[in-house]
Each structure stands twice: as structure tokens, then as C-alpha cells.
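Accompanying notes for the structure given below.
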Amino acid sequence: MNRLRTIPAITLALPLLAACSAPAPRPPDEPAAAPTAAAPPPLAAPAALPAGGARLPYPQTAKRPVTNEYHGTKVVDDYQWLEDASSPEVQRWIAEQNRLSRGYLDALPARGAVRARVQEILSATSANYYALDDAGGQLFALKDQPPKQQPFLVVLRSASEPASERILVDPEVVDPKGHTTIDWFVPSRDGKKVAVSLSEGGTENGTVRVYDVATGKETGDTIPYASSGTAGGSLAWSGDGKGFYFTRHPRPGERPQEDMGFFQQIYFHKLGAPEKEDRYSLGKEFPRIAEVELTTSESGRLVLASVQNGDGGEYWHYLLDASGQWTRFADLPDKIIHAGFGADDRLYLLSRKDAPRGKVVRLAPGKLDLAKAELVVPESEAVIQGFLPTRGRLYVRDLLGGPSQVRVFDLKGKALGTVPIPPVSSVRQLVRATGDDLLFRGVSYTEPAAWFAYSARDGKVTKTPLAMTAPVSYADVEVVREACASKDGTQVPISILRRKDTALDGTAPALLTGYGGYGLSVSPGFNPIWRLWFDQGGVFAVANLRGGGEFGEAWHRGGNLTKKQNVFDDFAACAKHLVDRRMTSPDRLAIMGGSNGGLLMGAQLTQHPEMVKAVVSHVGIYDMLRVELTPNGAFNVTEFGTVKDPEHFKALHAYSPYHHVKDGTAYPATLLLTGANDARVDPFHSRKMAARMQAATSSSAPILLRASGSTGHGIGTPLSEEIEEQADVFAFLFKQLGLDAPPAKEKAALR
């Protein structure tokens, strides 16, 4: 199964962090049913920014107190009315906020030059191949090539033969406006057919369409609502290629409207048959918040279903045998977090039971007793993120606190060394090549992504033609790995990128980012746009916080549920570290994050408003008491907790950013970005946070809401809209930190 490898928002809002090691992202749902909010009316921008020291003329926002009670604690919410996006009054309020923000951003002195430079860099960036899959002796891949608005699906003979490439599915042919995107694709094992999930407007609500690989034409098979922005979706072909198992969401009338993004089940579709003849296979016992991933074995005789219990990293696993019987062979307490097939149909399992950094065990298909599983790779200091068995090798993808390593074993578990990869780099995906040879995608902070071929015979690595080139060079940029002590003494790693000539005198502008959630790891990634920042002498810092997976499950559990405050303490320690090491000062420090990283931004600015000068928060979560009432919020309960539990409520209420905005506080300049079609984080969080901060702040620093009416969580955002968003973000940061407009291309590009 190949799906866009992302983590909530951070990969798109912060492209440099595309290395976050996330599980395959959630596929979409029915595009035709995608709820796209009406775009606000054209906005008239003021001619100039407010005079120095003057507050912005924020729109009047009515306070309508509503009291909610939790375990005897009464909580007053003045802006609960802003949760209803369908209200004409709320739509007018959004338009007023956008008018204010658009006027401010468009009047920024550097915006024109910033936009020109962003467009120049993004439009000149070379092709990027990702989500490779081998089937039928050929390679399938998603290809992102500016100036095209969306990635498209291609097929080629091999990674060494780019000239053999053919386009199979181009979303811009489906939708010339550029708002339709490929969520994921799955080729049949013989490579003759490919199922593709397509969604619109960033909703991640996808319809599966089937294409003939030889002709590129649709077969006519269409599966609506096979995927959603809440539960995701998946698909696995039968061995004969005549049909597939897929994740099915409830159809209208089958469940109440509030349950339409839940209760995922597995059905089978026979090619050529009408949808009404699709038959139930498994899932009536699945929980409401099940998220299913399906995989077919190499032989085509077996199907694996991995069922996650919400977003907390807990799984059940089922196997469909050749007789058509499903067997559940792993339950939540077994802590099997990933499963996959070997070339001989044996099951390889990544277990964290009594091994928080992971171990690999193996089962034969007919012997599914975990108590008798064979240990192949024991736990070590490295955190195992994934594996790939070939006919004679087992490749294990590890994490070393952020950067990657790839170990090689024979099938008996004998260590055969490591695959040579660049230092402080990230390996995102492993793909089988011929025999025991391997393809892997590597990227670092200073070198763009490339596919490499590893020869099992001689251990040599060769870069393939499927390699990105960048329109800028980072030859003058160095990467430094340091650590700082958090509030409880825990050592927190931080990667620091800066020009080699940066003076450590506290004057450099700095931008700190992090995530810290879901057991997802922030690992090295490349983004040419950050050339703008380095050309200003800027320092860029990436914090590896608890709540992530950088050091295994214990690191994750140290920053989730009732221990979430540890994540915020870690981040504050990293900010202090940058100042103490004289890389910057509070007046020159900005922070940025997205989604769960947006929650991090909200916690930092409410707990330590004096530590930073500016905050940029993409699609953030801010009201932790009402988040679980939203569709995707229900899936997050296993990560954040629930207000229904007294201890969880106590922890949630103690840090919920929205509830800790205090009147009369001088908050730093803040830019909150959101998209109306966001299925993962309801935009009401950003609306309520903006209203509360605008009413409370005693500072003249701007509190802005940038509410897009045509995008979602970041997935599927067209290139043209990404350019405008990046221009706004960088122009905002330049203004707050007192930076100049970016230099001309000739001076900035270091080739």
C-alpha cells in the first residue's frame, strides 16, 4: 500500500520537516461530497500598516458566555458560538478577520520580494519521486514537479530508467483548477491495474477509481467513501487481480450523520460489479474509531488487516487465509505496532512488548501463536521504525534520536552490517529491487531527497536518476546536534542549522519548531525555501520532543495523555537553550508548528509569552476540552485523553491554550493559519483562539487569523496557494524580527 507519507500538517506547513516519520497517511473520502466552505468576499486592503505602537483595529467579537461543567469544575466559554461554521454570522466574522489579516500582510514591506523569491524557488525545484511501489516488474510512484499544482502518478521500468516513465493519473486532467489530489494508490500484484484514491479541496475524503495500467484508462470501477480525513482508508488486491478488499465507511442512512466518518469496515469489490454487490468481509466488531490498513502477501494468497485503535498507536491484527477465514492473532496488549509479509508469506512483526525501542519477531501463516513467535532482531539502543524482508535479507530501518540508520540481517537474524547512508540523514522508505537488492529514499537537512540503490552482493550504494536537484545550495550551512535539559532534567536533542559564519553573539534571528506527539518522529528533511531564512543570517532549530518516537515508546508515553506538559517543558527548554548559547535573543526568536505542533505553539505562547517575539501556528489545536467533540478529535482521545476521565480532564484543563489566555498579557505577534476543509483539526480552534487573544492582549503586536476557504489540513494544497501562504508566513516573520527583503537571486543562490 502506498499512501502519502505525512504527519498532521507539519509536513506541509513546514516542508523542511517532511522527514517526520509518520505511518502511512490517511486516505480520502468521496470528493463529490467534500464540504467546501464558501470563500470570503474580496478583501479591501488598507494602504498602510498601523502607526508604530498602535493596536490593529480588530473586528468586534461578541462574548456569549456558555458554562460547561466537568467533574464539578465549571468552565465558561465566551466564544463557543464561533464553533458553528455554517452560521452566516460566523462566516461574516471570518470574512472580517481575513480582511484585517489580508490588509496587514499585503502591506508588509517585504512581501512582494518574498513572494517573488518563494515562487522562483518553488517553481524551479526539480521533480520529486516518492511513495514508490514495485508490482509486476515495474515501479509506480507519485511525482511532484512544479509548476504543476498537484503530484501525479507515473509508472516506469526501473529507478535507473527515467526515460521509460509514463503518466497514469494526472489530477490536473481530472480537475484543471488544481484542487483535486491523489491521496494514495495501490497497484495489483501483477501490475496490470491500479486503484487510486482522489479527493478535493484538502478534505482527504477520497473516492477510489481503478485504472488499466497499459492504457491509462478507467475501468469504470468506483468506490465512494473508501477513505476519510478522520479514519483514513486502505485497499488490498486479491492475488488474481480480479478484485480487492477495501475500507468502507457507512453510507447515508446506515448510521446517524455524526457517525459517517467512523465505524470503518472491510468489504470486497469484484472488478466490473456494481458497488451494491460489494460484500462484507470483516469489521462489525471494530471500535468506532478504528483505522484500518490492508496489505496483500507476495503470493497473493493472504491479506493482512492492521486495525489501529484511534491515533494512540495501539493495534489489533487479523490475517485472511486462502480459505477465506479471518483470524485475529494480535490484541492491543501484545503491542504489535507494525506487521508485514516476507517473500515466503511469513509474517514479520514489530513488537514493543517488553521492548519499548522495538524488536522484530516472525510467525508462519499457519502458526499464529504469538507466544511461539521467533525472535529475529532483538531490542537494541536504536529505535526500530520499520523493516523490509527480501528473499534472503531483512532490512531494518532505525531511528537514532532523529537521524536514521538501516541495518542488514540474514533471515536467521545474523547481523550483516549497515547500509551506507549520509550522516545526519533520514531514510523514509525501503522498496524491494531485484533479488536481495534494495531501493531507499534518503534526504538530509542540506541535500535534497534522492532514491539510492543498494547492492546486497557488494554493499555498495549508488544514487539513481530519481534524485531531486535544488535551485539553491546549502554548502554554506552547517548542521549541529546539541541537547538541553528539560524542566525535569530529561535531555532533549535539538538540531541546529545555521550558516557557517554565524556569530554567536545573540543577534541572529532564530526560528524554532517541533511536534511532540503520536509517537511520530521529526527527522532530517530538505526544503529549498529556507534559503530565504539563511540569507538573513537566520538560525533554524528542530527540537526532538517527548511525545514523539525518537527514542521509542517510553519517549512517546513520556509526552502523551496526562504527561503532555512534558512536551511543552521540553520545547521551552530548547528555546532557552538557543538564547543561553547566544545563538539568538528573545527579541529575535520566533517559533512555528502545525497541527499537534500548533497545540505546542499555543502552549508556548500562553505559558511563556515573554520568551519569543513571533509565533506562526498552522491548523492548531487550542481548546483541549472540546476537541474530542469533533469527528477527528474522537480518534485523538487515545493520545490526548478525554474530559470524561477526571484525571485526563485535570491534565487537559491545566494546559489547554485557549483556557489559559489571560487578559492584560503582552502576547507576541501571532499568525494563526487554518483551512475550512480541514478534516483533522476543526478550524473553530483557530477562530476561538484568535478571538480570545485579540480581546486579551495588552500588546500592539498583531494577532492575525488567516482562514483559507479552499484548503484543509495542508494535504492537497495547490502549488499556487502554497506559494501565497509561504509568502505570508515569511513576510510576517521578516516584519516581526526586523529583517530586510530577501536579496536578488544572483546574490542569494549559492551554487
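Taken over the stretch 162-195, residues that are touching a Pro at 6+ places or on another chain (Cβ under 8 Å) and under 28 Å from residue 455 (Cα atoms) amount to 1.
What number of residues in the stretch 484-523 are closer than 25 Å to residue 312 by Cα and assigned to a strand (DSSP E or B)? Going through the stretch 484-523 one residue at a time, the tally reaches 6. Put simply, of 402, 413, 392 the only residue that is open to solvent by less than 30 Å² (accessible area, probe 1.4 Å), farther than 25 Å from residue 140 by Cβ and in contact with an Asp or Glu (Cβ under 7 Å, 6 or more places away or on another chain) is 402. Scanning the stretch 706-716 for residues that are open to solvent by less than 10 Å² (accessible area, probe 1.4 Å), modelled with pLDDT of 95 or more and not in a loop (DSSP other than H, G, I, E, B) turns up nothing.
Take the conditions open to solvent by 40 Å² or more (accessible area, probe 1.4 Å), at pLDDT 90 or above and closer than 22 Å to residue 122 by Cα and apply them to residue 746. Does it pass?
It is false that residue 746 is open to solvent by 40 Å² or more (accessible area, probe 1.4 Å), at pLDDT 90 or above and closer than 22 Å to residue 122 by Cα.
Each row is one residue, and each column tells you yes or no for (1) of a type outside the set (Gly, Ala, Ser); (2) over 23 Å from residue 232 (Cα atoms).
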site: 302; (1), (2): yes, no
site: 310; (1), (2): no, no
site: 317; (1), (2): yes, no
site: 331; (1), (2): yes, no
site: 350; (1), (2): yes, no
site: 355; (1), (2): no, yes
site: 380; (1), (2): no, yes
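Considering every residue within the stretch 195-207, establish whether at least one is part of a strand (DSSP E or B), open to solvent by 10 Å² or more (accessible area, probe 1.4 Å), within 30 Å of residue 720 (Cβ to Cβ) and free of Cβ contacts under 8 Å to residues at least 12 places away in the same chain. No: the stretch 195-207 contains no residue that is part of a strand (DSSP E or B), open to solvent by 10 Å² or more (accessible area, probe 1.4 Å), within 30 Å of residue 720 (Cβ to Cβ) and free of Cβ contacts under 8 Å to residues at least 12 places away in the same chain.
Condition check ((1) surrounded by fewer than 24 Cβ atoms within 10 Å (Cβ to Cβ); (2) farther than 24 Å from residue 510 by Cα) across all residues:
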position	(1), (2)
613	yes, no
636	no, yes
654	yes, yes
662	yes, yes
669	yes, no
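For the stretch 84-106, what are the residues that are open to solvent by 30 Å² or more (accessible area, probe 1.4 Å) and assigned to a loop (DSSP other than H, G, I, E, B)? Talk me through it step by step, then tell me what you get.
So in the stretch 84-106, the residues open to solvent by 30 Å² or more (accessible area, probe 1.4 Å) come out as 84-86, 88-89, 91-92, 96, 99, 102, 106.
Residues satisfying the conditions are 84, 85, 86.
Test of understanding: among 66, 114, 76, which residue is open to solvent by less than 20 Å² (accessible area, probe 1.4 Å) and at pLDDT 55 or above?
Working: 66 fails: open to solvent by less than 20 Å² (accessible area, probe 1.4 Å); 76 fails: open to solvent by less than 20 Å² (accessible area, probe 1.4 Å).
Being open to solvent by less than 20 Å² (accessible area, probe 1.4 Å) and at pLDDT 55 or above holds for just one of 66, 114, 76, which is 114.
Taken over the stretch 259-292, the criterion of being buried (at least 19 other Cβ atoms within 10 Å of the Cβ), touching an Asp or Glu at 6+ places or on another chain (Cβ under 9 Å) and either touching a residue at least 40 places away in the same chain (Cβ under 8 Å) or among the charged types (D, E, K, R) (or both) is satisfied by 261, 269, 289, 291. Within the stretch 319-372, being surrounded by fewer than 22 Cβ atoms within 10 Å (Cβ to Cβ) and of a type in the set (Gly, Ala, Ser) holds for 322, 323, 324, 340, 342, 343, 355, 364, 366, 371.
On the stretch given as the stretch 373-401, residues that are touching a strand residue (DSSP E or B) at 6+ places or on another chain (Cβ under 6 Å), more than 17 Å from residue 432 (Cα to Cα) and either among the basic types (Lys, Arg) or in a loop (DSSP other than H, G, I, E, B) (or both) total 5.
Are any of the residues in the stretch 142-149 open to solvent by less than 50 Å² (accessible area, probe 1.4 Å) and at pLDDT 95 or above?
We begin by selecting, within the stretch 142-149, every residue open to solvent by less than 50 Å² (accessible area, probe 1.4 Å); these are 142-143, 146, 149.
Among the residues that remain, those that are also at pLDDT 95 or above are: 142-143.
Looking for residues that are open to solvent by less than 50 Å² (accessible area, probe 1.4 Å) and at pLDDT 95 or above, one finds at least one in the stretch 142-149, hence yes.
Number of residues in the stretch 433-469 that are closer than 18 Å to residue 165 by Cα, open to solvent by less than 20 Å² (accessible area, probe 1.4 Å) and either among the small types (Gly, Ala, Ser) or in contact with a helix residue (DSSP H, G or I) (Cβ under 6 Å, 6 or more places away or on another chain) (or both): the value is 1.
If the condition is being open to solvent by less than 10 Å² (accessible area, probe 1.4 Å) and closer than 19 Å to residue 721 by Cα, then the stretch 153-194 contributes 171, 178, 180, 181, 182, 183. Taking residue 211, is it hydroxyl-bearing (Ser, Thr, Tyr), closer than 23 Å to residue 167 by Cβ and part of a strand (DSSP E or B)? Answer is yes for this residue. Checked across the stretch 322-331, the condition of being closer than 22 Å to residue 395 by Cα, among the aromatic types (Phe, Trp, Tyr) and out of contact with any Gly (no Cβ under 9 Å at 6 or more places or on another chain) holds for no residue.
Looking only at the stretch 537-551, decide whether some residue is more than 20 Å from the chain's Cα centre (by Cα) and open to solvent by 10 Å² or more (accessible area, probe 1.4 Å). So far as the stretch 537-551 goes, yes, one or more of its residues are more than 20 Å from the chain's Cα centre (by Cα) and open to solvent by 10 Å² or more (accessible area, probe 1.4 Å). Scoring residue 647 on the criteria (1) of a type in the set (Asp, Glu); (2) open to solvent by 40 Å² or more (accessible area, probe 1.4 Å); (3) without any contact (Cβ under 8 Å) to a residue 40 or more places away in the chain leaves a single failure, condition (3). From the list 686, 700, the lone residue that is at pLDDT 95 or above and farther than 26 Å from residue 91 by Cβ is 700.
The values are calculated or read from the model by the stated rules, or taken from the named source; none is laboratory data. Only a predicted model underlies this, so the values are computations on that prediction, with no experimental measurement involved. Glycine also receives a Cβ, built like all others from the backbone with ideal geometry; neighbour counts cover every protein chain displayed. All accessible areas refer to the heavy atoms of the entire protein, side chains included, with ligands and DNA or RNA removed. Shrake-Rupley method; radii C 1.70, N 1.55, O 1.52, S 1.80 Å.
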